[in-house]
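Student: Would you mind keeping the following structure in view while I ask a few things?
The values are calculated or read from the model by the stated rules, or taken from the named source; none is laboratory data. Predicted model, so just to flag it, every value in this text is computed and none were measured. Positions of Cβ are backbone-derived with ideal geometry, glycine not excepted, and every protein chain shown enters the neighbour counts.
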Amino acid sequence: MPTNKNSQIKKPFSNRTSHLLFISLLVTILLIIVFNFGNLNAPIELNNSQFEAVLAGEGVATVEVTPLGDTNYRGYKVSGTLVDERTYITYLANDTEFDNMFVIISGFNSDGISANDVIYTYIPAPAYSFINIIFPILLIGGIVIFFIFMMRGGNNANKQAFDFGKSRAKLSKGQKTTFDDVAGAEEEKQELQEIIDFLKNPKKYIELGARIPKGVLLVGPPGTGKTLIARAVAGEANVPFYFVSGSDFLEMFVGVGASRVRDMFKTAKQNAPCILFIDEIDAVGRQRGTGLGGGHDEREQTLNQLLVELDGFGHNSGVIVLAATNRVDILDPALMRPGRFDRQIFVGTPDIKGRVEILKVHSRKKKINPKITFEEIARRTPGFTGADLENLMNEAALLAARENKKQIELAHIDEAVDRVMMGPAKKSRVFSKKEREFIAFHEAGHAVIGIKLTHANIVHKVTIIPRGQAGGYNLMLPEEEHAFLQTKKDLLEMITGLLGGRVAEEITFNEISTGAHNDLLRATTIARSMITEYGMSENLGPVTYEQNTGAVFLGRDYGKDKNFSEAIATEIDKEVRGIIHESYELARKVITENLDLLKKISHYLLEVETLTREDIDEIVATGKLGRFDDVLASDAIKMPEMPKVEGDHEVKH
């Protein structure tokens, strides 16, 4: 098997580093031991008077004299042993003190032995004393240089240990991204055409005295293609693209973030014209203020340096700063002012036309059944971002490959939608017969409301196959997408649809279950928002009673400001209960009037587990499901007679 150079496993640098550190630690310990051992046998220091007294008292066994200094000023080091075998040391400042000592020991004979058996030795000053001083310095310096060399010779992670203040911005290499790779964002691309043209033809703008925006902030939910758009701008202008994450500036060492900002802009200016892209800028650009610790943190210092660098650009420096965030509400106002980030471009979730174009881009290299239309897929995926759609098509391709198919079929895409929205199917989960019936009638109740109420969403799919934490689910989508506006009637019937499952359980089994937990939570949230945020209460009027609030330094909202009295709070609770009660009674009315349809849908669900929009339409029109003619609606479960409930909502018949 051929060996790929790129796939060769390199010896982990951490092992080599640990070995070197271990050896260094061992040498250091040995040196400390030797040094301390030497200190244990350190000689007794005597001053001149003490030495002369001991010498005169015949307490000295040996004398070794070593000259110190030069000929103009010479001192002497005198050392040796005492008669009790202890060592001593003393210093003679000049020749006079040396002569005095020599007078005392003048009884020495020609062999260097005195009458008192004192051994005298004169040791000339060594010629290599300078080497002895400089050698330890050179040795330590060599060890330090060696470690630096070894660290820099390692991988990038170890190099960064010595490059704290260097920029983490990386130059994008590889396949160039253009606007052909960006779909579903036509307005965003038009907004950025000026920047591309400036990078290509700056002279035209300079001659007119125009100032191109220094920075552009891309704002939008995660997965909408902000980074892809930034890469495409650089690709269209054919200029270098430097990218860095906001968290790359922050470090545990003080001043490192500001140093990295300076180095990043220095590199960008040296390579102008270029695009400098800062992803998740809210990590470093969060609004300044006193944090939980009450101090001035490293992030704030980094932000200050970023503001200075953005101001320091010349009008036509050729460096365009693009940044992306999904939390524009927490950015510092100084960062948002004209002259720094002059423009904000919102990159939202695509509409159905945009989803079609995105699906075409992500299907270029995939084999799809030609009978499948992208419009059909796009209609099933409202609210999906570009990243969601890419993941959807990849999941469909994986499912087709798992079944050894030659192309992606609609069934694979349908399953992929379910997996992305709700998670993989848990067919191994075992339910009792009663639980399956509860789930089937619960989901059928949702479906009946969706079918019969005129403002309700269209039922595209009903299933009792468990996914994630849900025992089953309804895929109900609007006939036309209202991305921005929903009327009061839309919201009320949305609540009614959410309550349809609970009502179906109560009517069918005269009992309720915990299966409606999430439905009740969503219904209550919508009802409260209608009263406190949208001003849809006739009694309380068009007033907003709750406002989001939170600590900016925490990076998220953690509560709501309740600027109203306890009496108003009681009225709000009363209004919310009224909306829920009204919607519940409407759901009861609709299901009671369509018990036969409820039974048919639930019984077909128990037999086939999943019903599509076409299946639902056929059951509504004919009362049967053609491909399962042998499955007949059973009368095993007796439906109680329920009183009719009056209401002003339109019901389809």
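Student: Quick check, is Ile352 farther than 17 Å from Asp414 by Cβ, touching a strand residue (DSSP E or B) at 6+ places or on another chain (Cβ under 7 Å) and either at pLDDT below 90 or surrounded by 14 or more Cβ atoms within 10 Å (Cβ to Cβ) (or both)?
Tutor: No, not satisfied.
Student: Let me confirm something: among His446, His412, His442, which residue is surrounded by 19 or more Cβ atoms within 10 Å (Cβ to Cβ) and either free of Cβ contacts under 8 Å to residues at least 12 places away in the same chain or over 24 Å from Val620 (Cα atoms) (or both)?
Tutor: His412
Student: For a quick check of your reading: which helices (runs of 4 or more DSSP H) sit entirely within region 339-455 and have at least 1 residues that are within 30 Å of Phe179 (Cα to Cα) and not acidic (Asp, Glu)?
Tutor: The helices (runs of 4 or more DSSP H) meeting that bar are 352-362, 374-379, 386-402, 410-422.
Student: Among the candidates Met393, Met336, Met421, single out the residue that is closer than 30 Å to Arg211 by Cβ and of a type in the set (A, V, I, L, M).
Tutor: Exactly one residue qualifies, and that residue is Met336.
Student: To continue, here is another question. Counting only residues that are aliphatic (A, V, I, L, M) and crowded, with 20+ Cβ neighbours inside 10 Å, which one in region 207-218 is farthest from Arg340 (Cα to Cα)?
Tutor: So the residue we want is Leu218.
Student: Looking at region 179-280, what strands (runs of 3 or more DSSP E) fall wholly within it and have at least 2 residues that are aromatic (Phe, Trp, Tyr) and in contact with a strand residue (DSSP E or B) (Cβ under 8 Å, 6 or more places away or on another chain)?
Tutor: Ranges flagged: 241-245.
Student: Can you name the condition, by its number, that Ala268 falls short on among (1) at pLDDT 80 or above; (2) at positive phi; (3) out of contact with any Lys or Arg (no Cβ under 9 Å at 6 or more places or on another chain)?
Tutor: Of the numbered conditions (1) at pLDDT 80 or above; (2) at positive phi; (3) out of contact with any Lys or Arg (no Cβ under 9 Å at 6 or more places or on another chain), the odd one out for Ala268 is (2).
Student: For Ile195, indicate whether it is at pLDDT 80 or above, among the β-branched types (Val, Ile, Thr), in contact with a helix residue (DSSP H, G or I) (Cβ under 8 Å, 6 or more places away or on another chain) and over 30 Å from Asn391 (Cα atoms).
Tutor: When the stated conditions are applied, Ile195 passes them.
Student: Return the residues of region 585-595 that are surrounded by 20 or more Cβ atoms within 10 Å (Cβ to Cβ) and not charged (D, E, K, R); say none if nothing qualifies.
Tutor: Of everything in region 585-595, those that are surrounded by 20 or more Cβ atoms within 10 Å (Cβ to Cβ) and not charged (D, E, K, R) turn out to be Leu586, Ala587, Val590, Ile591, Asn594.
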